[in-house]
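The structure under discussion appears below in the form of structure tokens.
The values are calculated or read from the model by the stated rules, or taken from the named source; none is laboratory data. Since we're looking at a predicted model, the values are computed, not measured. Cβ placement follows ideal geometry from the backbone for every residue including glycine, while neighbour counts extend to all protein chains displayed. Side chains included, ligands, DNA and RNA excluded: accessible areas come from the protein's heavy atoms. Shrake-Rupley method; radii C 1.70, N 1.55, O 1.52, S 1.80 Å.
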Amino acid sequence: MIKTEIQDAINEQINAELYSAYLYASMGAFFESLNLKGFANWMNVQYQEEVAHATRMYNYLNERGGRVILKAIDAPPTEWNSPVNVFEEVYKHEQKVTELINNLVDLSMGLKDHATYNFLQWFVAEQVEEEASADEILQQLKLLADNTGALFMIDRELGQRVFVDPNATPKA
Ligand code: FEO
């Protein structure tokens, strides 16, 4: 049986992951409104990844005999100044999520919950990737400044991204 403190913290994190999904869906809608379909596709894949993160935690809590409690999800922003501004916010948001995951790791260590500690290592590695991919796109966007042709090239590239369910692969 999982400790109440860990259960509560994982429930909070499920909410944070679902908020992330909501945020990226909102960013996707923003890109749709600009007719940047590739950027919108990237956000849609990101949205699905965040739902998968929440699902991974949901399944883990159940597996450990915990109780999943879903809470209200805050409304995300709906407008940004530019594509660069969107990716500045993505990068900032992922850094915040990394901090939340690290806090969870600290909590599991403090309470000597080795199973949760082990479970969270997947998220620790995932956050390295999440931050790196957001930063890579941000840097590309900063470089192109007002070059519309280059923006459409990036849009085409981001349109190639496909969702691969991380929960469908065997446990690391
Ligand atoms: Fe679930 Fe983007 O971290």
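To the nearest 500 deg cm²/dmol, what mean residue ellipticity at 222 nm is calculated for the chain from DSSP H runs of n ≥ 4 alone, each contributing -39,500 (n - 2.57), summed and divided by the residues? Write out the running numbers ahead of the final one.
On the way: 5 runs with 127 residues, N = 172.
It comes out at -26000 deg cm²/dmol, rounded to the nearest 500.
Relative to the longest principal axis of the chain, what angle (0 to 90°, nearest 10) does the C-alpha long axis of helix 114-144 take?
Long axis of 114-144 versus the principal axis of the chain: about 10 degrees.
Over 23 Å between Cα atoms, which of LYS3/LYS96; LYS3/LYS71; LYS92/LYS112; LYS92/LYS142 qualify? Walk me through the numbers on the way to the answer.
Numbers: LYS3/LYS96 25 Å; LYS3/LYS71 20 Å; LYS92/LYS112 30 Å; LYS92/LYS142 15 Å.
Over 23 Å apart, Cα to Cα: LYS3/LYS96; LYS92/LYS112.
Using only alpha carbon pairs under 8 Å that are at least six residues apart, calculate the relative contact order of the chain and give it in whole percent. Display every interim value, and only then the final one.
Details: 163 pairs, mean separation 54.0, N = 172.
Contact order relative to length: 31 percent.
What percentage of the solvent-accessible surface of the stretch 14-61, computed with a 1.4 Å probe over protein heavy atoms, is contributed by carbon and sulfur atoms?
Numbers: 830 of 1600 Å².
Carbon and sulfur: 52 percent of the exposed surface of the stretch 14-61.
For HIS114, what accessible surface area do you get with a 1.4 Å probe? Give it in Å², rounded to 10.
140
Can you list which of the chymotrypsin sites (Phe, Trp or Tyr not before Pro) found in the stretch 44-152 are DSSP loop residues with at most 13 other C-beta atoms within 10 Å?
Numbers: sites: TYR47, TYR58, TYR60, TRP80, PHE87, TYR91, TYR117, PHE119, TRP122, PHE123, PHE152; in loops: TRP80.
Filter output for the stretch 44-152: empty list.
Mind putting together the pair-distance distribution for the chain? All Cα pairs, 10 Å bins, whole percent per bin, short to long.
The calculated distribution, bin by bin, is 10, 37, 31, 16, 6, 0.
What dipole magnitude, in Debye to the nearest 20, does the chain give about its Cα centre under +1 on Lys/Arg Cβ and -1 on Asp/Glu Cβ?
Numbers: 13 positive and 26 negative charges, 94 e Å.
That gives the chain a dipole magnitude of about 460 debye.
Once you place label points 7 Å from the Cα toward the Cβ at ASN103 and PHE152, how far apart are they in nm?
4.5
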